[in-house]
Amino acid sequence: MKLCITFLALLASSAAMAAETTAPDGWTAVSPRAEIRPDFSYNPEGGPNHQGSFIIESGPREGLFGRWAKTFPVKGGEHYRFSVLRKMTGVDSPRRAGVARVLWRDEKGRVVQHDDPSTASYATGQKPNSEPEYPMDGATDSHGWTTLSDVYHV
């Protein structure tokens, strides 16, 4: 089984923050269409601890959409902690504009099903598909970094 992590964001920020550097192995910048693709960059000295940061910038253009994504192998039955720090500038609602999403997929990229059958009245006995997970916003520090974190059972 695989865990696919995506961080979706629309971000307007200073271009001075961005360092045009290749992202770490396995991370890809994704946008559904070229005409709505924001600018992506990776700053190896960015972030609150200067250990690297992924940047998505929209500048003055509205309606851009993109995400950083990476897939991680996981083992069924185990618990995994997801944690990321987010800093947004130039947006009215950071929680809506910078979303972390966890997707559960099999080795072929297909949606996985829950282990246990549903007890819902409309699909009793059927195993439901796993739905995306959205880690909750936690505290924001004095420098504007918000923790998004949760623990998930695979």
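Observations on the structure shown:
- R61 being of a type in the set (D, E, K, R), free of Cβ contacts under 8 Å to residues at least 40 places away in the same chain and in a loop (DSSP other than H, G, I, E, B): yes
- Matching entry among G109, G138, G144 (being over 18 Å from G26 (Cα atoms), of a type outside the set (D, E, K, R) and either outside any strand (DSSP E or B) or open to solvent by 60 Å² or more (accessible area, probe 1.4 Å) (or both)): G144
- Any hit, the range 23-42, residues being part of a strand (DSSP E or B), of a type in the set (A, V, I, L, M) and surrounded by fewer than 16 Cβ atoms within 10 Å (Cβ to Cβ): yes
- Applying the condition of being assigned to a strand (DSSP E or B) and open to solvent by less than 50 Å² (accessible area, probe 1.4 Å) to the range 82-95 and asking which residue is nearest to G109 (Cα to Cα) yields F82.
- Residue match in the range 72-81 (condition: buried (at least 16 other Cβ atoms within 10 Å of the Cβ) and aromatic (F, W, Y)): no
- Residue check, V102 assigned to a strand (DSSP E or B) and not basic (K, R): yes
The values are calculated or read from the model by the stated rules, or taken from the named source; none is laboratory data. These numbers were taken from a predicted model, which means no experiment stands behind them. Here Cβ is always computed from backbone atoms with ideal geometry, including for glycine, and neighbour counts include all displayed protein chains. Note: areas computed on protein heavy atoms with side chains; ligands, DNA, RNA excluded. Shrake-Rupley method; radii C 1.70, N 1.55, O 1.52, S 1.80 Å.
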